[in-house]
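Inspection log for the structure reproduced underneath, given as structure tokens.
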Amino acid sequence: MSYLLDTNVVSELRKRERCDPHVSTWYSTTAGAAKFLSVLTIGEIRRGIEGIRRRDTSSARALDVWLAKLLADYSARIPTVNQPIADEWGRLNVPDPLPVIDGLLAATTEELEWVDQGIVVEVVPGSGFIHEQAGGLVEAQAGEVDGCVSRRRSRA
């Protein structure tokens with residue numbers, strides 16, 4: 001199983017001792033080689049840092065250091081958005097459009113060869129976190145998986 005970490009998972013983990021216990025337990029019990037970051041996640045983090053830099057340069061510098069370490073830690077596990085992923089994103093958006101970044105993350109898990117069952121992992125406030133299995137637009141019923149809420153999607 002491979003996991004593509006959404007931006008809010010990475011941000012939650014940065015909280016260290018204040019991190020949601022479901023998230024920290026899941027992260028610490030999941031093999032490092034199974035966890036991936038998207039270039040889109042990196043872009044969202046960079047956008048957040050630059051927004052902070054406008055009002056707090058000291059905090060932005062600390063976040064720059066954190067992002068550099070994140071990039072070093074995941075350097076071999078950062079898939080890019082390529083033409084097959086863009087094609088899959090286009091398919092996933094019909095008939096019901098998805099938010100652009102979320103749709104591209106889902107398409108990434110569908111198209112990359114390393115994913116046998118790719119899952120986008122996303123934090124949901126108040127409920128630990130959620131796994132979203134990529135692969136379509138119709139949301140099925142939610143259920144518990146390893147103490148975490150799981151939503152699976154299938155093609156319409």
Just how much of residue 50 is accessible, in Å², when a 1.4 Å probe is used and the result is rounded to the nearest 10? 70
Using R₀ = 30 Å, calculate the FRET efficiency as 1/(1 + (r/R₀)^6) where r is the Cβ-Cβ separation of residue 16 and residue 96; round to 0.05. 0.20
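Go through 35, 69 and list them by solvent-accessible area, largest first, probe radius 1.4 Å.
Solvent-accessible surface, decreasing: 69, 35.
The values are calculated or read from the model by the stated rules, or taken from the named source; none is laboratory data. Since we're looking at a predicted model, the values are computed, not measured. For neighbour counting, all protein chains shown are included, and Cβ atoms are generated from backbone atoms with ideal geometry for every residue, glycine included. With ligands, DNA and RNA removed, areas are computed over all heavy atoms of the protein, side chains included. Shrake-Rupley method; radii C 1.70, N 1.55, O 1.52, S 1.80 Å.
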